[in-house]
């Protein structure tokens, strides 16, 4: 079978193209050749985080792979079979575990039996969803599609040292993905969150949380706000750190939306908390059922679903646009988008009814 050629420079031209292509190729058993991988980036080609995703998917699918080398801009990937079991992968840097999970989660959905994967790397790093967002926003939304992932945060890892550890388990993989109708988020019922710091004084986590709470109230939020604190005794802190961050999520009648921010050297804890709160407020003010990140990440699942799905999201990002184009190309699902870039949008997707 001739491989499907995917141009890695289309749209936002980043690693998302690689991740979505690998996931869908693995499930549909369609060989692919990805060219121009991340050529728009200052460090083009495959980096360690991307290589870990390639290695993981290749292992889980017994794939034939060519071009899986650091800084390679061309990759050939030919999956052969889904292989359940227990696996462990190490990014080797602070590369994002959450982004590797983006590649693996659609595949784990259709494993023939229980599968457990552990990944070492970064759990809270720039330009990727924090692991608390994955656990508290993404996983609950995917449950609405009949998917149930158990994700355990065993150890945090921050840039630049990494050292985080996450375990994902799928006990009883479903045989199909349910369609989703989620166009109205409904009333906000509560806001929850988690503010953490490692290898830093405990007051950093508290100041982040206090600032986030104060900002939410200042914007008129009048629902219960519960932000958990996570910190460690500096003498027994197992992390490589230092690092901090906060993730907030709004529980609504029909959905969950998130906002987050990371600490950084020279950045006040109060500014971290305020940034996360303002991001969440911005998402809620749009009135959409999904935040901009889930509006992007949910697309491949809906294309695989059995039936017609319809969702609204707060912003058609270039990431989402690119994900839509890649998903169309690989699945041939009918995807209708009502909206323009950088604006709220509605997506109607007729899934292909993929099943094992």
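Throughout, read-outs are computed from the coordinates displayed, never taken from laboratory work. Since we're looking at a predicted model, the values are computed, not measured. Every residue, glycine as well, gets a Cβ built from its backbone with ideal geometry; the counts of neighbours run over all protein chains shown.
Where does the Debye-calculated log10 I(q)/I(0) of the stretch 230-328 sit at q = 0.21 Å⁻¹, using only Cα point scatterers of equal weight, no solvent?
For the stretch 230-328, the Cα-only Debye profile gives -1.05.
Quick check on the stretch 46-190: what are the equivalent-ellipsoid semi-axes from the Cα gyration tensor, as sqrt(5λ), descending, whole Å? Write out the running numbers ahead of the final one.
Numbers: eigenvalues 128, 85, 40 Å².
Rounded to whole Å, the semi-axes are 25, 21, 14.
Would you mind calculating the relative contact order of the chain from Cα pairs under 8 angstrom and at least 6 residues apart, reporting the percent as a whole number?
Values: 933 pairs, mean separation 52.2, N = 356.
Relative contact order of the chain: 15 percent.
Order the peptides 225-233, 172-180 from the highest to the lowest mean number of other Cβ atoms within 10 Å of their residues.
Values: 225-233: 16.0, 172-180: 18.1.
Descending packing order for the listed peptides: 172-180, 225-233.
For each of 6, 116, 100, count neighbouring Cβ atoms within 10 Å of the residue's Cβ, then give the residues from fewest to most. Can you show the working numbers first?
Values: 6 25, 116 17, 100 28.
Listing 6, 116, 100 from fewest to most nearby Cβ atoms yields 116, 6, 100.
Quick one: plug the Kirkwood hydrodynamic radius of the stretch 125-179 (C-alpha pairs) into Stokes-Einstein at 10 °C, 1.306 mPa s, and report D in µm²/s. Can you show the working numbers first?
Numbers: Rh = 12.6 Å.
Answer from the Stokes-Einstein relation: 126 µm²/s.
Between the stretch 137-173 and the stretch 283-325, what is the C-alpha centre distance in whole Å?
Using only Cα atoms, the two centres lie 20 Å from each other.
From the square roots a ≥ b ≥ c of the eigenvalues of the alpha-carbon gyration tensor of the stretch 1-119, which class results: rounded (a/c under 1.5), prolate (a/b over b/c), or oblate?
Details: a/c = 1.92, a/b = 1.27, b/c = 1.51.
Oblate, because a/c is 1.5 or more while a/b does not exceed b/c.
Roughly what % of Cα-Cα distances in the stretch 186-286 sit above 24 Å, to the whole percent?
Details: 1113 of 5050 pairs.
Summing the P(r) of the stretch 186-286 above 24 Å gives 22 percent of all pairs.
Under a 10 Å cutoff between Cα atoms, tell me which one of 240, 101, 60 has the largest fluctuation in the Gaussian network model of the chain.
240
Arrange the peptides 320-331, 261-272 so that the one whose residues have, on average, the most other Cβ atoms within 10 Å appears first. Intermediate results must be reported in sequence, preceding the final value.
Values: 320-331: 21.6, 261-272: 16.9.
Ranking, from highest mean packing down: 320-331, 261-272.
With a cut-off of 8 Å between alpha carbons and a minimum separation of six or more residues, what is the relative contact order of the stretch 296-356 in percent?
Numbers: 120 pairs, mean separation 28.8, N = 61.
Computed over the stretch 296-356, the figure is 47 percent.
Working out 0.36 nm times the residue gap between residue 1 and residue 48, then minus their Cα-Cα distance, what length gain in nm do you get to one decimal?
On the way: separation 47, 0.36 × 47 = 16.92 nm, distance 2.92 nm.
That works out to 14.0 nm of additional length.
Mind pulling the angle between the C-alpha long axis of helix 48-61 and the longest principal axis of the chain? Nearest 10 degrees, somewhere in 0 to 90.
Helix 48-61 and the main axis of the chain meet at about 50 degrees.
Rounded to the nearest 0.05, what FRET efficiency is calculated for residue 235 and residue 350 with R0 set to 41 Å and r the Cβ-Cβ distance? Before the final figure, lay out each step's value.
On the way: r = 57 Å, r/R0 = 1.40.
Efficiency, rounded to the nearest 0.05: 0.10.
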